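Every number here is computed from the coordinates shown, using simple stated rules; none is lab data. A quick note: this is a predicted structure, and the numbers were derived from the prediction, not measured. Don't worry about glycine lacking a Cβ; one is built from the backbone with ideal geometry, like all the others, and counts go over all protein chains shown.
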Amino acid sequence: MVCETTRRSCGVLIVVAAAAVAMLAALSCGVGPANAGGGVNGNAGRQQRQLKAGSGGGSSSGCSNLNLYEGSWVYDQAYPAYDSSSCPFIAKEFDCLKFGRPDRRYLQYRWQPGGGCNLPRFEGEKFLRRMEGKKIMFVGDSLSMNQYESLLCLLHAAVSNSNITRQSQPYLSTATFQDYGVSIMLFTSHYLVDIEEQEIGRVLKLHSISDATSRLWRQMDFLVFNTWAWWYRTGPQKGWDYVQDGETISEDMDRMLAFKRALTTWAKWVEANVNAAKTTVFFQGASPSHYK
Ligand SMILES: *[C@@H]1O[C@H](CO)[C@@H](O)[C@H](O)[C@H]1NC(C)=O
C-alpha cells in the first residue's frame, strides 16, 4: 500500500498517505458529502482535506476534526473484507492467497485516523448506491491497478450476484456495475505525462499531457492519480529513451527534477481541465515495490 515514510522525503509534494482509503471513507461513510472538498484549487499536490466527522461517523465520541491523512494501520480481526482467491478481478501476480502465501495477518489491517476518530466500515452496496451514475478512474502505474482491483473485489464481495460487465482496451480497463450505473476504470500511465514515439526512440515529455491522453480523464467524476515507481528506473526497466525538458531533449536528467516537472505539468492540467464542482481529484503518493 502507501508508504508513509516517504511523506517527508519527497520534497516535491506532500504525499498523501492512504488516498484510496480516504476516498472510500469520504464517499461511503458519511464523513462528508460526496463532493466534500472536491477538486483541486491552488497547488494540486498540497490538497490535505480536513473533513468534519458527520453523524455517520461511527462511534466517534470525542472526534471533532477528522483528518483522514494522519493516522496508522491497526490490526483488526474483522478483516479482510474480501477473499482474493475468489475475486474474479485480481491479476494472478497479485493473488497471493491463490499462489500459496501462507500468512494472512497482512490482510487484516485497517486505517485508523488519529484524533479519536473511527471510520465506519466499508459497505459495498451503500457505496454503489451513493455513486449511482458516477465514473471513477484510477490513473497511474501498477499501484493504481492494485487499487482498482481491490475496489472491484470489495464491491464484488458485497454484490456478487449483480450484473458486472467488463471492457478492455489498450491502456484502459472498465468494469461497470450495471444495476447501479457505476463505472470503475483503470487508465494505465506510468508517468502521467506523455511519451511520444519519435525517430530517436521513446521521448518522455515532461511538459505535455496531450488531449489524446487526457480526453477521457475529463469525463470522470472521481480521478485518483498515482505516479512514482517508474521515475528512478534505469536500463531495460526504464520506460523511455530520451527525456524532453522544455526544448532540451537528453538521454537522462536529474530524476527528482524530472518528477517535479511532470507533476507540475499534471497539476496545471488539473487546474485547467477539472471542474471542481463536478470532479473530485485525489493524488496517491509513493508506493513501495510490490515485485520481487
Ligand atoms: C448485463 O447488462 C448488460 C448491459 O446493460 C446487458 O446487455 C446484459 O444483458 C446484462 N446481463 C444480464 C445477465 O443481465
Computed over segment 156-292, the convex hull of the Cα set has an average projected area, in nm², of 10.6 nm²
Under 5 Å between amide hydrogens, which residues at least 5 positions from VAL224 or on another chain qualify, with H placed 1.01 Å from N in the peptide plane? MET137, PHE138, VAL139, PHE282
Taking H as built 1.01 Å from N, whose amide H comes closer than 5 Å to the amide H of ARG202, not counting residues under 5 places away? ASP241, TYR242
What ranking of VAL193, VAL159 emerges when the number of other C-beta atoms within 10 Å of each C-beta is taken as an exposure proxy, fewest first? VAL159, VAL193
Considering only the other residues whose Cβ falls under 9 Å of the Cβ of TYR242, what net charge follows from Lys and Arg at +1 and Asp and Glu at -1? -2
Burial-style ranking of 251-258, 225-232, average other-beta-carbon count within 10 Å with highest first, yields 225-232, 251-258
Distance from segment 165-195 to segment 239-292 (C-alpha centre basis), Å: 20 Å
Report ³J(HN,Hα) in whole Hz for each residue of segment 240-249, in order, from the Karplus equation J = 6.51 cos²θ - 1.76 cosθ + 1.60 where θ = phi - 60°; Gly and Pro get x. 8, 9, 9, 10, 10, 10, x, 8, 8, 10
What shape does segment 148-203 have by the C-alpha gyration tensor, where a ≥ b ≥ c are the square roots of the eigenvalues, rounded means a/c under 1.5, and otherwise prolate means a/b greater than b/c and oblate the rest? prolate
What is segment 174-292's relative contact order, in percent, from Cα pairs under 8 angstrom and six or more apart in sequence? 30 percent
Residue-wise, which Karplus ³J(HN,Hα) couplings in Hz belong to segment 80-97, taking 6.51 cos²θ - 1.76 cosθ + 1.60, θ = phi - 60°, and x for glycine or proline? x, 7, 8, 9, 4, 5, 10, 9, x, 9, 8, 5, 5, 5, 10, 8, 4, 5
For ASP245, list long-range residues whose amide hydrogen, built 1.01 Å from N in the peptide plane, is under 5 Å from its own amide hydrogen. SER250
